[in-house]
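The values are calculated or read from the model by the stated rules, or taken from the named source; none is laboratory data. Small disclaimer: the values here were computed from a predicted structure and weren't measured. Because the Cβ atoms are built from the backbone with ideal geometry, glycine has one as well, and the counts that use them run over all protein chains shown. For the accessible areas, the whole protein counts, side chains as well, though only heavy atoms, and no ligand, DNA or RNA atoms are used. Shrake-Rupley method; radii C 1.70, N 1.55, O 1.52, S 1.80 Å.
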Amino acid sequence: MNKETVKRAMAEASIFENVFPFWGKLTEEQQQEIIENTTESFCPKKTRLHFGGGECAGVQIIVSGRARVFITSPAGGDITLFRLLDGDVSILSAACMLSGMDIELDMEMETDCTVWTIPKRAYRKLYDESGAVKDYTMEMISEKFSDIMWLFNQFVFSNVASRIAAALLEHRGLSGGDELMVTHEDIARDAGTAREVVSRILKQFQADGLVKLTRGKIKILDAGRLGKI
């Protein structure tokens with residue numbers, strides 16, 4: 001094994017150790033099998049991936065970048081479910097390997113992303129062999145479904161202005177500043193509403209002194225009041 005191969009293996013092991021709480025409970029053989037079977041992909045911004053419908057990608061790790069996970073309606077609209085950042089695991093992309101669980105999801109890269117994929121076969125073997133892996137997988141899937149149920153409760157029981165305000169604050173957290181390089185269409189997808197509705201409510205937010213609208217930008221002026229909507 002040459003120096004470059006050793007360095008790569010050590011880097012991969014380090015990332016897996018940070019990502020998976022069960023990593024230290026695996027045998028050396030199990031760890032090596034995962035490292036050897038994992039593939040790396042570079043996905044440019046705007047790349048879209050589809051999961052479900054009988055296709056199972058396996059477990060994916062966003063090594064670097066940011067991705068949006070969403071569902072698409074038959075009419076072509078979509079609703080953002082959650083985002084994945086550096087070091088996050090897309091566990092739902094492997095949900096179809098569990099008996100009776102098959103969901104249709106799409107993922108769009110919001111930035112250039114490096115993605116690692118552990119194939120279904122390799123992860124399923126680990127899942128069957130290790131109680132720690134099984135516990136982690138079920139806990140993560142349960143957590144994501146809880147997040148999705150909370151989101152749909154928001155859509156059903158909260159008003160549109162509140163969802164738009166929440167979407168603005170989420171993008172503020174992602175960007176780390178008050179100036180957001182997002183479009184009305186981006187906010188509409190996150191809030192589960194029409195672009196025209198977003199434009200109307202943002203104009204009201206601007207009139208109320210909460211935001212300032214310019215072409216291609218939204219500047220948050222009062223995050224505290226937005227959070228109370």
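Descriptive notes on the structure:
- Subtracting the Cα-Cα distance of S14 and R200 from 0.36 nm times their residue separation leaves 62.2 nm of extension gain.
- Full-extension gain in nm, E129 to E33, via 0.36 nm per residue minus C-alpha separation: 33.3 nm
- Within the assembled protein chains, the solvent-accessible surface assigned to S146 is about 70 Å², based on a 1.4 Å probe.
- Cα gyration tensor category, rounded, prolate or oblate, for segment 150-229 with a/c compared to 1.5: rounded
- Inter-label distance for M181 and E143, nm, one decimal - labels placed 7 Å from Cα along Cα-to-Cβ: 3.0
- Shape call, segment 189-229: gyration tensor on alpha carbons, a/c limit 1.5: oblate
- Potential extension, K46-N153 segment - 0.36 nm per residue separation minus Cα distance: 35.7 nm
- Against the criterion of solvent-accessible heavy-atom surface with a 1.4 angstrom probe, M138, M107, M181 sort, most first, into M181, M138, M107.
- Separation in nanometres of the label points that stand 7 Å from Cα toward Cβ, at I103 and F82: 0.8
- Here's the list of lysines a cross-link from K219 could span, going by alpha-carbon distance under 19 Å and ignoring same-chain residues fewer than 8 apart: K203, K228.
- Charge tally in the Cβ shell below 15 Å around S142, where Lys, Arg are +1 and Asp, Glu are -1, S142 excluded: -2
- Counting protein heavy atoms only, the chain has 51 percent of its accessible area on carbon and sulfur, 1.4 angstrom probe.
- Per-residue [θ]222 nm for the chain (sum of -39500 (n - 2.57) over DSSP H runs n ≥ 4, rounded to 500): -14500 deg cm²/dmol
- Heavy atoms of H50: accessible area, 1.4 Å probe, square angstrom to 10: 90
- Here the contact order of the chain, divided by its residue count and restricted to Cα pairs under 8 Å and six or more residues apart, works out to 19 percent.
- Dividing the convex hull volume of the alpha carbon atoms of segment 79-229 by its residue count gives 132 Å³ per residue.
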